[in-house]
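My questions will all concern the structure given below.
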Amino acid sequence: MTEVNRLEELRRLMPPTTESDTSVDWNRMAETWGNRFPEDYRQFIARYGSGTIENYLVVQDPEPKGERAPEATGGMLHETANATLVWTKVPKSPELADAHPKLIAWGADASSDILCWDASGDDPETWPVLVHNRGDNLWRRYDCGMVEFLVRVLRADFEECPLGDLSLWGKDGLTFLTWREEQRRIKAGLDPWTGEPDPFAGMFGD
């Protein structure tokens, strides 16, 4: 299956709610991180933007390295710093026993799992996905790209769910919201994930 077909399959399983509102200077990203980013991720950001799937899995905003303190809460830099620390402290599955990856985090979820690429290879199209499953306290490798990984989670196409919760496992018709769209719905008095009126929406601020 080609990258285009994988993205189309993802669009079938998770139709975009709005146009992407994420603007990225990919040349700057490549310059600061020392590598190009995978084409499927760039296509995902162009079509969906950064945001959240079903109030569970956050696809991180592409951030140039060194332009925001990594200790700042949230975002690619923050999660990459988390992943790098966790890598040194947490057991790995057998295929990762002798691995020394260059981690770049592209996602995190409500189960405190961290989703990364192993960006140590020269060709970003071959980067596998590495997942730290917080519940198992274990790192595992998945030999596919970011979009294929999401498609296979939504189709329940791994031997077991890679994530710490079954919220996305084997599901379709899911909702993806950019941060701005989520905030717009809250300010409009709506539950952002159902679209129904919510008397408590926005009462605690942004």
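At a Förster radius of 41 Å, what calculated FRET efficiency corresponds to the Cβ-Cβ distance of V90 and F200, to the nearest 0.05?
0.65
Of E63, E54, E159, which has the largest mean-square fluctuation in a 10 Å C-alpha GNM of the chain?
E159
How large is the charge dipole for region 52-206, taken about the Cα centre, if only the Cβ atoms of Lys, Arg (+1) and Asp, Glu (-1) carry charge, to the nearest 20 debye?
300 debye
On a full-extension model of 0.36 nm per residue, what is the gain between S111 and N55, subtracting their alpha-carbon distance, rounded to one decimal in nm?
In short, 19.0 nm is gained.
Based on other C-beta atoms within 10 Å, arrange S50, S20, S112 from fewest to most.
Neighbour counts put them in this order, fewest first: S112, S20, S50.
By how many degrees, between 0 and 90 and to the nearest 10, does the Cα long axis of helix 75-89 differ from the longest principal axis of the chain?
Long axis of 75-89 versus the principal axis of the chain: about 40 degrees.
Additional query: Treating cross-link reach as a plain straight distance, find the aspartates and glutamates whose alpha-carbon is under 20 Å from the alpha-carbon of K92, omitting any fewer than eight places away in the same chain.
E79, D109, D113, D118, D136, D143, E159, E160, D165
Have a look at T22, T84, T194 and tell me which one the Gaussian network model of the chain (Cα, springs below 10 Å) gives the largest fluctuation.
T194
Let me ask another. Roughly what angle does helix 3-13 make with the longest principal axis of the chain, taking Cα atoms, 0 to 90 degrees, to the nearest 10?
Its long axis makes an angle of about 40 degrees.
Over all distinct alpha-carbon pairs, what is the Kirkwood Rh of region 107-188 in angstrom?
In region 107-188 this quantity evaluates to 14.0 Å.
I would also like to ask the following. Please report how far the C-alpha centroid of region 34-101 lies from that of region 129-187, rounded to the nearest whole angstrom.
Result: 13 Å between the Cα centres.
Strictly greater than 13 Å: what percent of every Cα pair in region 1-57 meets that?
66 percent
Which order do W193, W106 fall in if you start with the one that has the fewest other Cβ atoms within 10 Å?
Sorted ascending by nearby Cβ count, the order is W193, W106.
Could you check what % of the DSSP bridge pairs in the chain are antiparallel, to the nearest 5?
So the antiparallel bridges in the chain amount to around 95 percent.
Still on this model: Which value, in nm² and rounded to one decimal, describes the direction-averaged projected area of the C-alpha convex hull of region 3-106?
Computing the convex hull of the Cα atoms and averaging its projections yields 8.1 nm².
Something else now. What Kirkwood Rh does the chain have if only Cα atoms enter the pairwise 1/r average? Answer in Å.
17.6 Å
How large is ³J(HN,Hα) for each residue in region 105-116, as worked out from phi by the Karplus curve 6.51 cos²θ - 1.76 cosθ + 1.60 (θ = phi - 60°), to whole Hz, x for Gly and Pro?
Listing the rounded values in order: 7, 10, x, 7, 9, 6, 8, 6, 6, 10, 10, 10 Hz.
Quote the FRET efficiency, to the nearest 0.05, computed for R11 versus F158 with a Förster distance R0 of 25 Å and r equal to the Cβ-Cβ distance.
0.75
Just so you know, all these numbers are worked out from the coordinates, no wet-lab data involved. Note that the coordinates shown come from a computational prediction; the quantities given were computed from them, not determined experimentally. Ideal geometry is used to build each Cβ from the backbone, glycine not excepted, and the neighbour counts take in all protein chains shown.
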